[in-house]
Amino acid sequence: MLLFGVGIGLLPHYPHFGILLANGIVVGFAQGSIDTASSVLVLEMWEKDSNPFLQAIHTNFALGSAISPLVCAPFLSAKTNESSLLLNSTNTTGAEPNEGIRIPFAIGAIISIAAAVLLFYHEMFAPYITPKRSFLRKQLLLELNTAPDAIKEEKEDSKKIIFYTYICVCLGCVLLCFYAGTELMILSFLSTFLINLYKCNPPLHIPKNQAAYMTSAFSTMFTIFRALSIIAATKLRTSTMLYLSFCDIFVAYGIMALYGTTSIYILWAAIAMLGAGSSCVYASIYAFIEKRIDITNQIGGLFMLSCCFLGALGAIIIGKKIEQTPLIFVYTNMGAICFVMILFLILHFTDVWKKSIINGSSIKKELNELVKRSFHFSKKSQTKQEF
């Protein structure tokens, strides 16, 4: 947070683009670290019951995204009179146009640095005790103190559980890669998609200000339903929330693909559905995987890295064609959501495989216990006969 605050505060003061770019890399690294560390910290503290708390922390992210433009707006609308414009154009003064742009960055820096100081104070006087967590902590440890053949079978079962853990991590990476990519593409290209829809249906001409309002409707529904998901997470299973959200998103894209070019009211409804359905997915995926494995800092960082790939690739693919073919935005995201749903089904059904391993191991354990008891019983009976 300290690094993020310092980087944000210095951002409008750099005179050269190269330095600005380097500072942006540092700020991006700090921002990703805050996102990863905050999610992992919540998962450490509440583990399998972490979904409501994850929804709460991501609700605050959404609130910050909604409030920050309102904070910046007064400083971005600073007016400059004709005389100052003339002076600036002739370089007769050292004044810079729109000095107010530095104030929002200073506000963000102060908030971030203050939060870092509070955390440091808390760590100094009431340090957080990190629980023992590891990549394989939640695997089933089959302790069978029996014959060598049983020990070999135990090792084979342990290998299967370890393989299951790796499968969970890989599926989680790919799942977050495709889902986070769709969210990033919505935030980046929804307005452009709406403005260029008239190329598919000339009478449906959406002006820029209306496209901005429709994009704002997505953000509003996203924030409202993310807040409601805190309550929903205490009542519903994480898997149920994810299935409902994926179905909602898929239906929203289907409506946009079939009827989005015919009616602006249908577009409004589909965008609202999209915001509502997308609200709880990201945090719920983390909570769902946490119930199966420990999401450590390393795994959280791997998940965060995975979230960036499709967003960057999608920006290249969609950015080049969206103005000529606006529906590519809908078709690409709809295809990505279909793939996400398939991946989630596979991830969910791996539980059946894990249960079969556990059940098989428990049966083996019971059989070995029976063998041991029968062996001891036969040994006692032999000694009695000898006497």
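What distance in nm lies between label points placed 7 Å from Cα along the C-beta direction at Thr130 and Leu10?
Reported label-point gap for Thr130 and Leu10 is 2.7 nm.
Could you tell me which of Thr182, Val352, Ser239 has its Cα farthest along the dipole of region 148-360 towards the positive end, charges placed at Cβ (Lys, Arg +1; Asp, Glu -1), taken about the Cα centre?
Thr182
Among the listed pairs Lys48/Lys160; Lys132/Lys355; Lys132/Lys160; Lys199/Lys321; Lys235/Lys291, which have their C-alpha atoms separated by more than 19 angstrom in this model?
Working: Lys48/Lys160 22 Å; Lys132/Lys355 25 Å; Lys132/Lys160 23 Å; Lys199/Lys321 12 Å; Lys235/Lys291 16 Å.
Going by Cα-Cα distance, Lys48/Lys160; Lys132/Lys355; Lys132/Lys160 fall outside the 19 Å limit.
So how do 175-186, 328-339 stack up, highest first, on mean other-Cβ count within 10 Å? Working shown, then result.
Working: 175-186: 22.8, 328-339: 19.1.
Ranked from most to least packed, the peptides come out as 175-186, 328-339.
What order do you get for 165-171, 250-256 when each peptide is scored by the mean count of other beta carbon atoms within 10 Å, highest first?
Highest to lowest by the protection proxy: 250-256, 165-171.
Taking the Cα centre as origin and putting +1 on Lys and Arg beta-carbons and -1 on Asp and Glu beta-carbons, what dipole magnitude results for region 148-360, to the nearest 20 debye?
For this selection, approximately 300 debye.
Compute the length gained on full extension between His205 and Leu313: take 0.36 nm times their separation in residues and subtract their Cα-Cα distance, giving the result in nm to one decimal. Intermediate results must be reported in sequence, preceding the final value.
Values: separation 108, 0.36 × 108 = 38.88 nm, distance 2.88 nm.
Computed gain between His205 and Leu313 is 36.0 nm.
In what sequence, highest mean first, do 220-229, 111-120 appear when ranked by Cβ atoms within 10 angstrom? Walk me through the intermediate numbers first.
Working: 220-229: 19.9, 111-120: 14.7.
Answer by packing, highest mean first, reads 220-229, 111-120.
Express in nm, to one decimal, how much length is gained between Asp351 and Ala115 on full extension, taking 0.36 nm for each residue of separation and deducting their alpha carbon distance.
On the way: separation 236, 0.36 × 236 = 84.96 nm, distance 3.98 nm.
Extending this stretch completely gives an extra 81.0 nm.
How much length is gained if the chain between Lys321 and Leu228 is pulled fully straight, taking 0.36 nm per residue apart and subtracting their Cα-Cα distance, in nm to one decimal?
On the way: separation 93, 0.36 × 93 = 33.48 nm, distance 3.61 nm.
That works out to 29.9 nm of additional length.
Throughout, read-outs are computed from the coordinates displayed, never taken from laboratory work. Everything numeric in this text was worked out from a predicted model, so none of it was measured. Note: ideal-geometry Cβ built from the backbone for every residue, glycine included; neighbour counts use all protein chains shown.
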